[in-house]
Amino acid sequence: MRTALFLFFALLAKFGFSQTLNESIESKKLRGIREFSVTLPKSYERNIDKKYPILLVLDGEYLASPFTGNLTYGAYWDDLPEMIVVSLYQNYAEQRFHDSEFDEAGLPTGSGADFFEFIGIELLPYIEGKYRTQPFRIIAGHDTTAGFLNFYLYKDNPIFNGYISLAPEMAPGMEKRVAERLAAISKPIFYYCASGEGDLAELKEKAEELRLNIQAIPNKNFNYRFDAIPGASHYSLVPQAIPQALYFIFNGYQPISMVEFQEKILTLDAGYTQYLIDKYTTLETKLGLKVQPRLTDFKAIEAAIIKNKAYAELQELSKYAEKHYPKTTLSVYHQALYYEKMGEYRKAEKEYKKAFTKEDIRELTKDFMLKRAENLKNKEDDSKVEEYAEPLPEDGGEVNSEETQEGEE
């Protein structure tokens, strides 16, 4: 079963990524050459303006395939972002243990301290200087290396945003230190830890202590998830935990689903467009991901506005569309639809005709827009502006909706 899963992920990785480049770097910290690979997303060559988060995979010889397989599957459905996967080779002789060396106090020492600095001072600057990257980094490891990656949390300003620790073998005191550091760090951190029911008792006990220590932290300002996987061994937990880890870290990245639409958006009294703005603002502030708002999400918000007759918000949606799709018909369509729903058919007809100077986007073609204009040609205005106008503030003052939107963004 384990072999079949790894073969499956290997096939996904092969067809989902454009290429894997074998690289090496001469390291002053390690006093020698260290080999690694860089796997680029499928869109890397054709989308030359796009930048990508980094996933650094320790134990890359066997962890790279399940990670790239899951990323390929998630990216296909637009549930996970495409990433640059950097895989460090450590499974020869006793290298992974030398790389993870720590002293009796539970701190990196000797070759472990050198490897710690190699990643932060040499490897990451090399990757970010050569490839198009976004400022969001994840590090992942298994047992020995899963314990090692926790050392980066000991710094006041950790260089990684996300941590995936699979069946960690922890240094002395790590189960307490990690919790203390998570409580003290101010930047957004995503921490995932997994343990298997059939793992070594010592590893399970330490992971459970860490879970209890983290759980006891009041007012958490970080994102944490712990999975105890039933029936999983030290090795079979890996392909089960990886998708859980990735979807945990990138929760909220996914397009608006039917459940989200029905339970979170339709039930709002107002603020449908703001919901969309907040969704993508959060992706940038929390994950550092600059994602162009999806057209399907625009359609979902439009549907909610129409369903709840909050027609005034179509103007806000039009402004947001103008910001992200300025050359297309999207903004024109929402503004024209606002006029049409308000019964101001002359204005709607004129607005629809503006599509002639814009680029088609999906079903909003020039022909579609001009037909909408033609259908309104002989309709008499029946303005409903006052009926659906937004209420004025209690003090009677005027609201500049454009300034308000910009301030909120």
* Debye sum, Cα scatterers, the chain, no solvent: what log₁₀ I/I(0) at q = 0.06, 0.08, 0.13, 0.14 1/Å? -> -0.33, -0.55, -1.08, -1.19
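For region 19-63, what is Rg from Cα atoms divided by 2.2 N^0.38 Å, rounded to two decimals?
Ratio of Rg to 2.2 N^0.38 Å for region 19-63: 1.40.
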* To do: Calculate how steeply helix 237-249 sits against the longest principal axis of the alpha-carbon atoms of the chain, using the helix alpha-carbon long axis, and give the answer as 0 to 90 degrees to the nearest 10.
  => 40
* Listed here are the pairs 309/341; 29/51; 350/371; 264/327; 319/350; which of them are more than 20 Å apart at the Cα? -> 29/51; 264/327
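Could you put 269, 114 in order, starting from the residue whose Cβ has the fewest other Cβ atoms within 10 Å? Before the final figure, lay out the partial values.
Numbers: 269 7, 114 18.
Ordered by Cβ neighbours within 10 Å, fewest first: 269, 114.
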* the chain: angle of helix 313-324 to the longest principal axis, Cα-based, in degrees nearest 10 -> 50
* Structure fact -> Note, region 67-79: 3J(HN,Hα) by Karplus (6.51, -1.76, 1.60, θ = phi - 60°), whole Hz, Gly/Pro = x, goes 6, 5, x, 5, 5, 4, 5, x, 5, 4, 9, 6, 8
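In what sequence, highest mean first, do 77-88, 94-105 appear when ranked by Cβ atoms within 10 angstrom? Before the final figure, lay out the partial values.
Details: 77-88: 21.4, 94-105: 16.2.
Packing proxy ranking, top to bottom: 77-88, 94-105.
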* Report the paramagnetic label zone for residue 324: residues of region 293-309 whose backbone N is under 13 Å from a point 7 Å from Cα along the Cα-to-Cβ axis. => 293-302
* Structure fact -> the chain, Gaussian network, Cα under 10 Å: of 368, 222, 151, the residue fluctuating most is 368
* Asked: Do the alpha carbons of any pairs in 206/290; 220/279; 299/323 sit beyond 27 Å of each other, and which pairs?
  -> 206/290
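Rounded to a whole number, what is D in µm²/s for region 169-276 from Stokes-Einstein with the Kirkwood radius over alpha-carbon pairs (20 °C, 1.002 mPa s)? Let's see the in-between values first.
Values: Rh = 16.2 Å.
Estimated via Stokes-Einstein, D reaches 132 µm²/s.
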* Asked: Listed highest first by mean packing, meaning other Cβ atoms within 10 Å per residue, what order do 239-250, 374-385, 292-303 come in?
  -> 239-250, 292-303, 374-385
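Using R₀ = 35 Å, calculate the FRET efficiency as 1/(1 + (r/R₀)^6) where r is the Cβ-Cβ separation of residue 215 and residue 79; round to 0.05. Before the final figure, lay out the partial values.
Details: r = 28 Å, r/R0 = 0.80.
According to the calculation, E is roughly 0.80.
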* Asked: What ³J(HN,Hα) values, in whole Hz, does the Karplus curve 6.51 cos²θ - 1.76 cosθ + 1.60 give for region 45-60 when θ = phi - 60°, with x put for Gly and Pro?
  -> 6, 8, 10, 6, 9, 7, 10, 10, x, 10, 10, 9, 9, 6, 6, x
* To do: Calculate, in nm to one decimal, what residue 254 and residue 377 gain on full extension: separation in residues at 0.36 nm each, minus their alpha carbon distance.
  => 40.3 nm
* Antiparallel DSSP beta bridges within the chain, percent to nearest 5 -> 35
* Hey, got the dipole for the chain? About the Cα centre, +1 on K and R Cβ, -1 on D and E Cβ, debye to the nearest 20? -> 1160
* Per-residue ellipticity at 222 nm for the chain, helices alone: DSSP H runs ≥ 4 residues times -39500 (n - 2.57), over residue total, nearest 500 deg cm²/dmol? -> -13000 deg cm²/dmol
* Structure fact -> Tilt, helix 366-375 to longest principal axis of the chain (alpha-carbon atoms), in degrees rounded to tens, equals 30
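Just so you know, all these numbers are worked out from the coordinates, no wet-lab data involved. Computed from a predicted structure; not experimentally measured. Here the Cβ is made from the backbone with ideal geometry for all residues, glycine too, and neighbour counts use every protein chain on show.
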